[in-house]
1. Among all residue pairs at least 6 apart or on different chains, which show Cβ distances below 8 Å where the first residue, located in the range 27-48, is on the phi < 0 side of the Ramachandran plot and without any contact (Cβ under 8 Å) to a residue 24 or more places away in the chain and the second is of a type in the set (S, T, N, Q) and part of a helix (DSSP H, G or I)?
2. Go through the range 29-61 and give me each residue that's at pLDDT below 80 and part of a helix (DSSP H, G or I).
3. Report whether or not ASP49 is under 19 Å from the mean Cα position of the chain (by Cα), acidic (Asp, Glu) and over 19 Å from HIS3 (Cα atoms).
4. Please enumerate the residues belonging to the range 9-28 that are modelled with pLDDT under 65 and either small (Gly, Ala, Ser) or under 19 Å from the mean Cα position of the chain (by Cα) (or both).
Amino acid sequence: MQHIARYLWIRLRASAEHDVERGEVSATTIVMAAALVALAIAVAATITDRVRDKANSLDLG
């Protein structure tokens with residue numbers, strides 16, 4: 001998963017640098033940004049689910 005995120009980040013940065021030279025935002029930049037946002041949401045949901053499961057498994061009584 002980290003390899004995919006790293007690849008997407010590198011592609012996003014490369015695309016952004018290329019866009020700065022031209023002064024516009026390309027479709028590649030938008031797609032890569034959307035992919036990174038989706039990845040971040042998936043990771044946050046997974047972490048939240050695991051923390052909630054762990055909290056529910058605690059015996060407080």
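1. Listed pairs, sorted by first residue: THR28/SER15; THR29/SER15.
2. Of everything in the range 29-61, just one residue is at pLDDT below 80 and part of a helix (DSSP H, G or I), namely THR29.
3. Considered against the rule, which asks whether it is under 19 Å from the mean Cα position of the chain (by Cα), acidic (Asp, Glu) and over 19 Å from HIS3 (Cα atoms), ASP49 comes out as yes.
4. GLY23
The values are calculated or read from the model by the stated rules, or taken from the named source; none is laboratory data. It should be emphasised that the depicted structure is a prediction, and the values quoted were computed from it without experimental measurement. Here the Cβ is made from the backbone with ideal geometry for all residues, glycine too, and neighbour counts use every protein chain on show.
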